[in-house]
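The values are calculated or read from the model by the stated rules, or taken from the named source; none is laboratory data. Everything numeric here is computed off the predicted structure, so don't read it as measured data. Neighbour counts run over all protein chains shown; Cβ positions are idealised from the backbone, glycine included. The accessibility values were calculated without ligands, DNA or RNA, using every heavy atom of the protein model including side chains. Shrake-Rupley method; radii C 1.70, N 1.55, O 1.52, S 1.80 Å.
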Amino acid sequence: MVEASPKVVVVVPTYNERENLPVLAGLLADLEVPNLHLLVVDDGSPDGTGEVAEKLAADSGGTVGVLHRTTKDGLGRAYLAGMARALDEGADIVVQMDADLSHPASAIHEMLRILEDGETAVVLGSRYVPGGSTASEWPWHRKALSSWANFYVNAILGLGVRDATAGFKAWRASTLRAIDLPTVQSNGYSFQVEMNYRVIKRGLSIREVPIRFEERVEGMSKMSLGVQVESALAPWKLRFDRDEPKA
């Protein structure tokens, strides 16, 4: 009897990504990964991204799904909603990635290959391991801020992860269940840090693979001042939060 391929669900939150979403869907389809599915989590995009997603779903033969959310309450909440839906629908592996084409879909092959070892809990697409890089369009101060943010997070939490703020990851379904998604508190970009922290606290392993992080082609960045403030405070909250579930 031929063993079925694991169900891989790529969760992609969207807000005003109508130009980028069809391109990303095409890149994922071109990977020809068996049993690969795309789940679009749209937060009521006024530019019609939700309608574009529905059209992709209708034409996909069942490999594209859409989760419409009526409240735009942050990237972390969107990812959590998508991950919960993916798990409910039988995902074995959940890949999280952005819709803005900054994450290279081609890296998914390597991420899935690493998960086959049975030891790795989550694979992270990293800008800061050998072979990784950021977009050449980034000004020096943006690169410096990103590097400092990773140093800052690791100094406080001791994650041992070079790209602790990265948002391109492949998760085992068992890992997502183990870190207790319903109790994740952080939102915005600090969500990435809390998810890594929960993995490490439970004695699970994170592997990093090099990627080139590209600048978005269409649309605008969602990084606000409020998100930056939350991201700065989150590591301290995690470190001293007595309610954080233990291993």
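The table that follows gives values for the structure above.
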quantity: Residue list for the range 104-130, filter: open to solvent by less than 20 Å² (accessible area, probe 1.4 Å) and among the polar types (S, T, N, Q); calculated: T120, S126
quantity: Scope the range 77-97; condition in contact with a helix residue (DSSP H, G or I) (Cβ under 7 Å, 6 or more places away or on another chain), in a loop (DSSP other than H, G, I, E, B) and open to solvent by less than 60 Å² (accessible area, probe 1.4 Å); matching residues; calculated: A91
quantity: Unique match (being open to solvent by 20 Å² or more (accessible area, probe 1.4 Å), touching a strand residue (DSSP E or B) at 6+ places or on another chain (Cβ under 7 Å) and either farther than 18 Å from A173 by Cα or part of a strand (DSSP E or B) (or both)) among L101, L67; calculated: L67
quantity: Among residues of the range 100-121, those that are at pLDDT 95 or above, of a type in the set (D, E, K, R) and within 23 Å of A178 (Cα to Cα), counted; calculated: 1
quantity: Options D73, D43; residue that is in contact with a Lys or Arg (Cβ under 7 Å, 6 or more places away or on another chain) and at negative phi; calculated: D43
quantity: Enumeration of residues in the range 195-217 that are over 27 Å from G131 (Cβ atoms) and not basic (K, R); calculated: G203
quantity: Only listed residue being open to solvent by 30 Å² or more (accessible area, probe 1.4 Å), in a helix (DSSP H, G or I), modelled with pLDDT of 95 or more and touching a helix residue (DSSP H, G or I) at 6+ places or on another chain (Cβ under 6 Å), chosen from L21, L28, L56; calculated: L56
quantity: Residues of the range 35-51 satisfying the condition of being open to solvent by 30 Å² or more (accessible area, probe 1.4 Å) and over 29 Å from N196 (Cα atoms); calculated: P46, D47, E51
quantity: Options G74, G61: the member that is open to solvent by 40 Å² or more (accessible area, probe 1.4 Å) and small (G, A, S); calculated: G61
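Let's see how each residue does on (1) under 26 Å from G90 (Cβ atoms); (2) crowded, with 20+ Cβ neighbours inside 10 Å; (3) aromatic (F, W, Y):
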position: I156; (1), (2), (3): no, no, no
position: V161; (1), (2), (3): no, yes, no
position: A164; (1), (2), (3): no, yes, no
position: A173; (1), (2), (3): yes, no, no
position: I179; (1), (2), (3): yes, yes, no
position: G188; (1), (2), (3): no, yes, no
position: V193; (1), (2), (3): no, yes, no
position: N196; (1), (2), (3): yes, yes, no
